[in-house]
Amino acid sequence: MLELLTKPWPWYVSGPLIGLMVPILLILGNKSFGISSSLRHFCAACIPTKVKFFDYNWKAEAWNLIFVLGVVAGGFIAGILLKNPEPVQISENTIKDLQGYGITDFSNLYPVEIFNFQNLLSVNGFLFMIIGGFLVGFGTRYANGCTSGHSIMGLSNLQFSSLVATICFFAGGLIMSWFIIPLLF
Amino acid sequence: MKNLKYFFVGLIFGFILIKAEVISWFRIQEMFHFQSFHMYGIIGSAIAIGALSIFLIKKFNIKDSSGNPITIAPKELNKGTVIGGLCFGFGWALTGACPGPLYALVGSGHLIILIVLLSAIAGTFTYGLLKDKLPH
């Protein structure tokens, strides 16, 4: 039983469970599944500003902030208390490609050579961590949703806008990983 | 207190994200290089279950736990869907994480990812500042 909780789950277990978030939130309280809005609510709640975009009753959306707080807690339980001791089993081809970039440490969830505090001030660290994070927050709000709100919730609700958004998420990711990331090493 | 239940739903979601390994930068690179079915299987089966659930909710007019009819706000299509979508795609490949995994990684004690999350908050804030000047 404990092994079931520490080992990674195959896609056909974890995917459907993620999909179940959609009806659970709808039935619990008529809430639409989505994560990136929490970044906006956080700005509205914590940053003193007169910007119109953050001038709304964020308390009515407090559930979303509590929800992501739960995600943090879930990360703690699954990632620390029930940590999988093995490195992520990615394909040999990916390992070979990434070794070509000079990445050698595959033991963590991300390449520690790039994602570390000392590297923050280097060009490549700044691009991966700061610019990358900035684009996640900027792009999801500009597109009005992320992988959760558009690709899962929006597509489940057959929204054309979510199909366009998901195609653009992938197009952006493909351009970055095929043409730009190789230049950063 | 009525919001406490969402903490537990979030907790389960965060737990699944870690066990699904979608929080791994390596998995995201593998996905964008079409070198494994893993991520496609997860996203695809999540959509299938989500879509089936919404279909059933609409077909049987299922109410929420307070007895209210379930309503889902439509998502508007505009230029931001494309431009913002591409921007997020760039960030997704760079950081190897979308917003959900960022929270889960921070919870797993990866403090460096807190920097990425704070950058994401700065990105959302910048969008709010520039919103009226950006094409929509």
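Any read-out appearing in this document is the output of simple, stated calculations on the displayed coordinates, not a laboratory observation. Keep in mind it's a predicted model, so treat the numbers as computed, not measured. FYI the Cβ positions are ideal-geometry reconstructions off the backbone, even for glycines, and counts take in every protein chain you see.
At an R0 of 25 angstrom, the distance between the Cβ atoms of A:K59 and A:F126 translates into a FRET efficiency of 0.10. Arranged from fewest to most other beta-carbon atoms within 10 Å of their beta carbon, B:T71, A:T140, A:T49 become B:T71, A:T49, A:T140.
For segment A:165-172, putting each phi into the Karplus relation 6.51 cos²θ - 1.76 cosθ + 1.60 with θ = phi - 60° gives couplings of 4, 5, 4, 6, 4, 5, 4, x Hz, in residue order, rounded to whole numbers and with x for Gly and Pro.
3J(HN,Hα) along segment B:17-25: 4, 5, 5, 7, 6, 6, 8, 8, 4 Hz, from the Karplus curve 6.51 cos²θ - 1.76 cosθ + 1.60 with θ = phi - 60°, whole Hz, x for Gly and Pro. Measuring nothing but how far apart in sequence close Cα pairs (under 8 Å, 6+ apart) lie, relative to its length, segment A:1-102 scores a relative contact order of 29 percent. Pair-distance distribution of segment B:1-102: all C-alpha pairs, bin width 5 Å, starting at 0; shares per bin in whole percent are 2, 10, 13, 17, 19, 18, 13, 6, 2, 0. Where does the protein assembly as shown land on Rg/Rh, using Cα atoms and the Kirkwood Rh? Here the Rg-to-Rh quotient is 0.95. Helical content of chain A, expressed as a calculated mean residue ellipticity at 222 nm, amounts to -13500 deg cm²/dmol (DSSP H runs of 4 or more residues, -39,500 (n - 2.57) each, divided by residue number, nearest 500). Computed over segment A:1-83, the quotient of the alpha carbon radius of gyration and 2.2 N^0.38 Å is 1.38. When both segment A:157-181 and segment A:7-61 are represented by their alpha-carbon centers, they are found 20 Å apart. Residue order for A:K50, A:K83, fewest other beta carbons within 10 angstrom first, comes to A:K50, A:K83. By the compact-protein rule of thumb, 2.2 N^0.38 Å, the alpha-carbon radius of gyration of segment A:114-185 corresponds to a ratio of 1.29. Segment A:107-149 and segment B:32-52 have Cα centres lying 22 Å from one another.
Entry for segment A:11-154 at q = 0.09, 0.16, 0.18 Å⁻¹: log10 I(q)/I(0) = -0.40, -1.18, -1.33, Debye formula applied to identical alpha-carbon scatterers, no solvent contribution.
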